[in-house]
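What follows is a set of notes on a single structure, which appears directly below.
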Amino acid sequence: MIKKRYFSAHYDFKMGFFCKFTLFLGILLLIIFIILKISSIFMSDGSTGFMKQYYDFSGSGAPESALALAIIFLVVGIILYFFHCQFAKLSKIAEEIENGEDLE
């Protein structure tokens, strides 16, 4: 027999934490992308040693991958923020119903 689970209206499935986490990762990856692109402007192809490796890395597909992941994390974070706000409204409505106040 399948057991029914009842969730409280105050339980938001940790949407606030996941929202902050994904937004943080998105912003971090965006900053990494910007740093790689700006630093590659100031370096030339004639660099040697570590700077040559850094220039080659910034010219590869890795910065574009970081940008793509940053966009994905930012969009997921915004969606989770929307769900978090909706759960907060639901919690407020449930509290008003429990206290017997009118919804009008």
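The values are calculated or read from the model by the stated rules, or taken from the named source; none is laboratory data. Everything numeric here is computed off the predicted structure, so don't read it as measured data. Cβ: placed from backbone, ideal geometry, glycine included. Neighbour counts: every protein chain shown.
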| said: Based on this model, can you work out whether S58 counts as in contact (Cβ under 8 Å) with a residue 12 or more places away in the chain and either part of a helix (DSSP H, G or I) or more than 24 Å from the chain's Cα centre (by Cα) (or both)? | reply: yes
| request: Please work out which one of (1) in contact with a Cys (Cβ under 6 Å, 6 or more places away or on another chain); (2) of a type in the set (S, T, Y); (3) at pLDDT below 85 is the condition S60 fails and give its number. | output: (1)
| note | With the first residue restricted to region 32-51 and required to be free of Cβ contacts under 8 Å to residues at least 40 places away in the same chain, and the second required to be loosely packed, with under 14 Cβ neighbours inside 10 Å and hydrophobic (A, V, I, L, M, F, W, C), Cβ contacts under 9 Å at 6 or more apart or on different chains are L36/F57; L36/A62; S40/F57
| query | With E98, E64 as the choices, which residue is assigned to a helix (DSSP H, G or I), over 19 Å from the mean Cα position of the chain (by Cα) and loosely packed, with under 13 Cβ neighbours inside 10 Å? | reply | E98
| said: For region 63-96, which positions are at pLDDT 85 or above and basic (K, R)? | reply: K89
| Pick from region 36-61, criterion surrounded by 13 or more Cβ atoms within 10 Å (Cβ to Cβ) and aliphatic (A, V, I, L, M), ranking: nearest to C85 (Cα to Cα) | L36
| request: Among residues belonging to region 25-55 that are outside any helix (DSSP H, G or I) and not polar (S, T, N, Q), point out the one that is nearest to K14 (Cα to Cα). | output: M43
| Failed condition for Y11, given (1) at pLDDT below 80; (2) more than 23 Å from L90 (Cα to Cα) | (2)
